[in-house]
Amino acid sequence: MTPTGLEVSPFFTLVWWVTAIGIVVAAWSVVFLRDVLKAALALIGSFLGVAGMFVMLNAEFLAAIQVLLYAGAISILIIFAVLLTRDVFRGNPSNRFERLAFFLAGALMFFLTFVIIATPWGQLKDAQLSPEAQAGVAQVFSNTTPIIGQLLVQEYVLPFEVASVLLLAAILGAIVLVREE
């Protein structure tokens, strides 16, 4: 990715913060809404916000995959599952694990905050790369789609196929569960 100067503009910063706050609000809504259908719709909003972040990072391929798979297919699957369950309008009942889950989520948030603060983030920028390596990095970040495709059909073909077989098994299992009723 070659910087264009747009990344340091006040408008870009404003859009980034609005998107980030929108993602966090949508994620909190998913957790705290009692209506499952509204929580699923908030999850779609969170997925779309993440796709927006990918666009701002110049990762258009990942943004398109995020919209197609998560905001599209996975969200529709979740909404169908919610609508097929009984008593969808009653909401989620509270249970005894609510406080434990809140404590664990807080501990995870504290740990992630510590890791984010303690990590030196500018390592690639500060690295002393040879001109050939700099050209290779610029080529990779200029157009990521062919490189990701090449990795999926060459180096990572086995995990890619295993994931597709697992998704097929999940779909078949869902069809069997729905047909029994």
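The numbers here are math on the coordinates, done by the rules we state, and not lab data. This one's a predicted model, so the numbers in the text were calculated from it and none came from an experiment. Don't worry about glycine lacking a Cβ; one is built from the backbone with ideal geometry, like all the others, and counts go over all protein chains shown.
Phi-derived couplings, Karplus 6.51 cos²θ - 1.76 cosθ + 1.60 at θ = phi - 60°, listed residue by residue for segment 27-40: 5, 5, 5, 4, 6, 9, 6, 7, 7, 5, 5, 5, 5, 5 Hz, with x used for Gly and Pro. The charge dipole of the chain, taken about its Cα centre with unit charges on the Cβ atoms of Lys, Arg (+1), Asp and Glu (-1) only, comes to about 660 debye. Along its three principal directions, the equivalent ellipsoid of the chain from the Cα gyration tensor extends over semi-axes of 36, 24, 17 Å, largest first. A protection proxy built from the mean count of other Cβ atoms within 10 Å ranks the segments 60-68, 164-172, most packed first, as 60-68, 164-172.
Using the Karplus relation 6.51 cos²θ - 1.76 cosθ + 1.60 with θ = phi - 60°, the per-residue 3J(HN,Hα) values for segment 73-79 come to 5, 5, 5, 5, 4, 5, 5 Hz, with x marking Gly and Pro. Across segment 98-115, computed HN-Hα scalar couplings (Karplus, 6.51 cos²θ - 1.76 cosθ + 1.60, θ = phi - 60°) run 4, 5, 4, 5, 5, 5, 5, 5, x, 5, 5, 5, 4, 5, 5, 4, 4, 5 Hz from first to last residue, x flagging Gly and Pro. When the chain is treated as a Gaussian network with alpha carbon springs shorter than 10 Å, the biggest mean-square fluctuation among Ala20, Ala51, Ala133 belongs to Ala133.
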